[in-house]
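Colleague: Structure below; questions to follow.
The values are calculated or read from the model by the stated rules, or taken from the named source; none is laboratory data. Quick caveat: nothing in here was measured; it's all calculated off a predicted structure. Cβ placement follows ideal geometry from the backbone for every residue including glycine, while neighbour counts extend to all protein chains displayed.
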Amino acid sequence: METSSHDVLLVGGGGAGLRAAIAVAETNPKLRVAVISKVYPMRSHTVAAEGGAAGVVKPDDSIDEHCYDTISGGDWLCDQDAVEAFIKEAPQELLRLEHWGCPWSREPDGHIAVRAFGGMKKRRTWFAADKTGFHILHTLFQTTLKYNEIFRYDEWFVTKLLVDDGRVCGVVAIELMSGRIQAITAKAVVLCTGGCGRVFPYTTNAAIKTGDGMSLAYRAGAPLKDMEFIQYHPTGLPFTGILITEAARAEGGYMLNKDGYRYLQDYDLGRPEPKPVLRSMELGPRDRLSQAFVKEIEKGRTIHGPYGEVVHLDLRHLGEKLINQKLPFVRELCLKYEGLDPVTQLIPVRPVVHYMMGGVSTDINGATPLPGLYAAGECACVSINGANRLGSNSLPEILVFGARAGVAAAEFASGAAEQVSQAVLAQAEDERRRLEQQFLRKTDGNERVAVIREAMQKTLESGAGIYRTQKSLEDAATHLAILRERAGNIALDDHSRTFNTELLSALELHCMLDVAICIVHSALSRTESRGAHQRTDYPDRNDRDFLAHTLISQDEHGAIRVNYKPVTITRWPPGERVYGQPTQTAAKA
Ligand SMILES: Cc1cc2nc3c(=O)[nH]c(=O)nc-3n(C[C@H](O)[C@H](O)[C@H](O)COP(=O)(O)OP(=O)(O)OC[C@H]3O[C@@H](n4cnc5c(N)ncnc54)[C@H](O)[C@@H]3O)c2cc1C
């Protein structure tokens, strides 16, 4: 079996992976760094981010206020030491990107423009029109090209982490173009594989977001943290799930029910006063807005669409000039995918799964409990997002913690000896045999990937969606166990080795099943409601028992274990979630 070797291997070529690669190269230029990605790096999901990246930059704002918004928005499940480091470093990272060429939108006088975002009391979200992720990823990608020592495996799919004596020392991967299966060893591996929205039926997430890295870590024995916290974004297009960015509401868009009524005024969006202020209610936190949608369905005040219930997002009063200038992509998406023009028409929207608060459990520097294994970005849980991420905190997160994980992995690799034992090579050979036998050469299966995938997605939506109960979660757990059995009997029609997308989707399905099972079991154990995890049978937050992170892992026999780890509180004791109105004094974004 062919083997190649590097000092640090980044799995993932999105924002976190590329930022980490640059950090490794800067920390120790002698290290041999490689980035492996199942798609060409510029196709990673980071490219799709629209609204912006939060970082304190205006004189009326402060680090403490951004910390507080993040911590209260996360319903006190954030580790506050991690939040403080994150908020302090975020503006520095955004500025660094500026120096690397990121074209941030400006105010007329040349200062950085910022826009309001959900759950943030001050305007602090930097943006590059509504294509922020595209510009961030492009900037990072072109910067990596300056470093000759960064080697790339484009369109390679990682199927396994190699572990020797508890230490991670490489991966097994398939080159998609040729079907070649290879071991790639490394002193340190950093997982930057992004989220897992595809485990649900309606999601803003690209088709590649199948939770591979979470599953790789879980199978290798590393715990996953806070997997029950799934963020629904309140404004996705029905059917496709395409995101209409929160920037549309930040610029002044309204949410209307079937009567043309701004229904959010009837709900508690986490304010001390019973009714939200009309001017800012559309910028309440995502979890509360998505929960209000379910309540509107129950009241019979939503609109029946061809793909289920929807409400309307109204941008008409913003005018064509502002929409073209600040939200050109929103207009383009509506015209292309809904055949409607938001300048004159209402946009049908519904909550769709958007972001995974949980992920591979890491410390503040991206280290997992397994020596040699690091994680950063959406696949990791540091945790700064707690029970509900605030919009525009994720892009700075992939920069801050991508960089931190890169530095930590580089330091570890600089002082570590290469560990490629016979046992490791035998593990890689076993994996190659498994891939051949279970997938490429297997002809006797009677299950289809698409059938099981669809059943899994429906199971999660009905069992572990916006609202959950003991019964819905137990049913989901039972279904998923059956689906996992059935997935072992999948038949592939395509036995070729060149871009075998059927094989790929089967491998991704197995990853998604692992992730789905972790979500459901974590949600079952947490008998309280907090942030995005709403149990109608336990409607209250319970700080006495659950001011703690869920850690889910499997033992060597595959049995699931759920443990808890206390939340780190530094300066902000648990309180009520309170949202104010974005001040108008900051930039005229
Ligand atoms: C539509 C949309 C809009 C968003 N808008 C915003 C926004 O405005 N502001 C904000 O803060 N956040 C936003 N987010 C969230 C944010 O964009 C993501 O959380 C973030 O970009 C994730 O970056 P990442 O580097 O962790 O992962 P990704 O960019 O998803 O990259 C994952 C990488 O891992 C690789 N990979 C995965 N599995 C494997 C495997 N098995 N083998 C090899 N490689 C693998 C992929 O090829 C890819 O290169 C948005 C998300 C979406 C979906």
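Colleague: Within the group Val310, Val360, which residue is within 30 Å of Gly170 (Cα to Cα) and crowded, with 18+ Cβ neighbours inside 10 Å? Write out each step before concluding.
Modeller: Working: Val310 fails: within 30 Å of Gly170 (Cα to Cα).
Checking each option against the conditions leaves just Val360.
Colleague: Related question: Tell me which of these Phe117 doesn't satisfy, since it passes every other one: (1) over 19 Å from the mean Cα position of the chain (by Cα); (2) aromatic (Phe, Trp, Tyr); (3) farther than 21 Å from Phe401 by Cα.
Modeller: (1)
Colleague: Looking for something basic (Lys, Arg), surrounded by 24 or more Cβ atoms within 10 Å (Cβ to Cβ) and under 24 Å from Thr125 (Cα atoms) - is there at least one such residue anywhere in the range 40-51? Talk me through it step by step, then tell me what you get.
Modeller: Here is the first cut: in the range 40-51, the ones basic (Lys, Arg) are 43.
Okay, now just the ones that are also surrounded by 24 or more Cβ atoms within 10 Å (Cβ to Cβ), so none.
Scanning the range 40-51 turns up no residue that is basic (Lys, Arg), surrounded by 24 or more Cβ atoms within 10 Å (Cβ to Cβ) and under 24 Å from Thr125 (Cα atoms).
Colleague: In this structure, does Lys146 turn out to be over 17 Å from the mean Cα position of the chain (by Cα), assigned to a loop (DSSP other than H, G, I, E, B) and of a type in the set (Lys, Arg)? Step through it out loud before you land on a result.
Modeller: Working: over 17 Å from the mean Cα position of the chain (by Cα): yes; assigned to a loop (DSSP other than H, G, I, E, B): yes; of a type in the set (Lys, Arg): yes.
Yes; evaluated as a whole, the condition is true for this residue.
Residues are listed down the side, and each one gets a yes or a no for (1) surrounded by 18 or more Cβ atoms within 10 Å (Cβ to Cβ); (2) of a type outside the set (Lys, Arg); (3) not assigned by TED's automatic domain parsing to the domain that holds Ala21:
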{"site": "Ser105", "(1), (2), (3)": "yes, yes, no"}
{"site": "Gly110", "(1), (2), (3)": "no, yes, no"}
{"site": "Ala113", "(1), (2), (3)": "yes, yes, no"}
{"site": "Lys121", "(1), (2), (3)": "yes, no, no"}
{"site": "Phe127", "(1), (2), (3)": "yes, yes, no"}
{"site": "His135", "(1), (2), (3)": "yes, yes, no"}
{"site": "Leu140", "(1), (2), (3)": "yes, yes, no"}
{"site": "Tyr147", "(1), (2), (3)": "no, yes, no"}
{"site": "Ile150", "(1), (2), (3)": "yes, yes, no"}
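Colleague: Looking only at the range 508-560, count every residue that is more than 17 Å from Thr478 (Cα to Cα) and away from the ligand (no atom under 16 Å from the Cβ) and tell me the total. Working first, answer last.
Modeller: Our first condition is that a residue be more than 17 Å from Thr478 (Cα to Cα); within the range 508-560, this holds for 508-509, 511, 526-557.
Narrowing further to those that are away from the ligand (no atom under 16 Å from the Cβ): 526-531, 533-557.
Residues meeting the conditions: 31.
Colleague: Something else now. Those residues that are near the ligand (Cβ under 8 Å from one of its atoms), in the same structural domain as Ser553 (by TED's automatic domain parsing) and among the polar types (S, T, N, Q), I need them from the range 204-248; list them, please.
Modeller: Answer for the range 204-248, where residues must be near the ligand (Cβ under 8 Å from one of its atoms), in the same structural domain as Ser553 (by TED's automatic domain parsing) and among the polar types (S, T, N, Q): Thr204, Asn205, Thr210.
Colleague: Next question. Suppose the filter is within 12 Å of the ligand (Cβ to nearest atom) and in the same structural domain as Leu315 (by TED's automatic domain parsing); does Glu251 pass it?
Modeller: Values: within 12 Å of the ligand (Cβ to nearest atom): no; in the same structural domain as Leu315 (by TED's automatic domain parsing): yes.
Here the answer is no, as Glu251 does not meet what is asked.
Colleague: If we keep just the residues of the range 26-42 that are over 24 Å from the mean Cα position of the chain (by Cα) and among the polar types (S, T, N, Q), which is nearest to Ala408 (Cα to Cα)?
Modeller: Going residue by residue through the range 26-42, those that are over 24 Å from the mean Cα position of the chain (by Cα) are 26-33.
With the extra rule that they be among the polar types (S, T, N, Q), the set shrinks to 27-28.
On the way: Thr27: 9, Asn28: 11 Å.
Taking the candidates together, the pick is Thr27.
Colleague: Looking for something acidic (Asp, Glu) and touching an Asp or Glu at 6+ places or on another chain (Cβ under 9 Å) - is there at least one such residue anywhere in the range 509-527?
Modeller: So in the range 509-527, the residues acidic (Asp, Glu) come out as 514.
Going one step further and asking which of them are touching an Asp or Glu at 6+ places or on another chain (Cβ under 9 Å), we end up with none.
Among the residues of the range 509-527, not one is acidic (Asp, Glu) and touching an Asp or Glu at 6+ places or on another chain (Cβ under 9 Å), which makes the answer no.
Colleague: Additional query: If I ask for residues that are in a loop (DSSP other than H, G, I, E, B), of a type outside the set (S, T, N, Q) and more than 8 Å from the ligand (Cβ to nearest atom), which ones from the range 4-39 would you list?
Modeller: Residues of the range 4-39 that are in a loop (DSSP other than H, G, I, E, B), as a first pass: 12-14, 28-32, 38-39.
With the extra rule that they be of a type outside the set (S, T, N, Q), the set shrinks to 12-14, 29-32, 38-39.
Pro29, Lys30, Leu31, Arg32 - these are the residues of the range 4-39 that are in a loop (DSSP other than H, G, I, E, B), of a type outside the set (S, T, N, Q) and more than 8 Å from the ligand (Cβ to nearest atom).
Colleague: Now, a different point. Which residues, counting only those in the range 52-74, are surrounded by fewer than 24 Cβ atoms within 10 Å (Cβ to Cβ) and either assigned to a loop (DSSP other than H, G, I, E, B) or of a type in the set (A, V, I, L, M) (or both)? Can you show your working first?
Modeller: Kept after step one, since they are surrounded by fewer than 24 Cβ atoms within 10 Å (Cβ to Cβ), are these residues of the range 52-74: 56-65, 67-68.
Once the filter is applied, which keeps residues that are surrounded by fewer than 24 Cβ atoms within 10 Å (Cβ to Cβ) and either assigned to a loop (DSSP other than H, G, I, E, B) or of a type in the set (A, V, I, L, M) (or both), the range 52-74 yields Val56, Val57, Lys58, Pro59, Asp60, Asp61, Ser62, Ile63.
Colleague: Cβ contacts < 6 Å: first residue in the same structural domain as Ile22 (by TED's automatic domain parsing), restricted to the range 370-383; second residue among the charged types (D, E, K, R) and part of a loop (DSSP other than H, G, I, E, B), any location; separation 6+ or different chain. Result?
Modeller: Taking only residues 6 or more apart or on different chains, the pairs are Cys381/Asp226; Ser383/Asp79.
Colleague: If you check Ala54, Ala128, Ala90, which single one turns out to be at pLDDT below 95 and either within 14 Å of the ligand (Cβ to nearest atom) or in contact with an Asp or Glu (Cβ under 7 Å, 6 or more places away or on another chain) (or both)? Show your work before the answer.
Modeller: On the way: Ala54 fails: at pLDDT below 95; Ala90 fails: at pLDDT below 95.
Answer to the selection: Ala128.
Colleague: Quick check on the range 145-184: of everything there that is within 16 Å of the ligand (Cβ to nearest atom) and among the hydroxyl-bearing types (Ser, Thr, Tyr), which residue is farthest from Ser37 (Cα to Cα)?
Modeller: That would be Ser178.
Colleague: Find the helices (runs of 4 or more DSSP H) located wholly in the range 218-337 whose residues include 1 or more that are more than 30 Å from His45 (Cα to Cα) and of a type outside the set (Lys, Arg), and list them.
Modeller: Numbers: elements: 247-250, 286-298, 320-326.
Hits in the range 218-337: 286-298.
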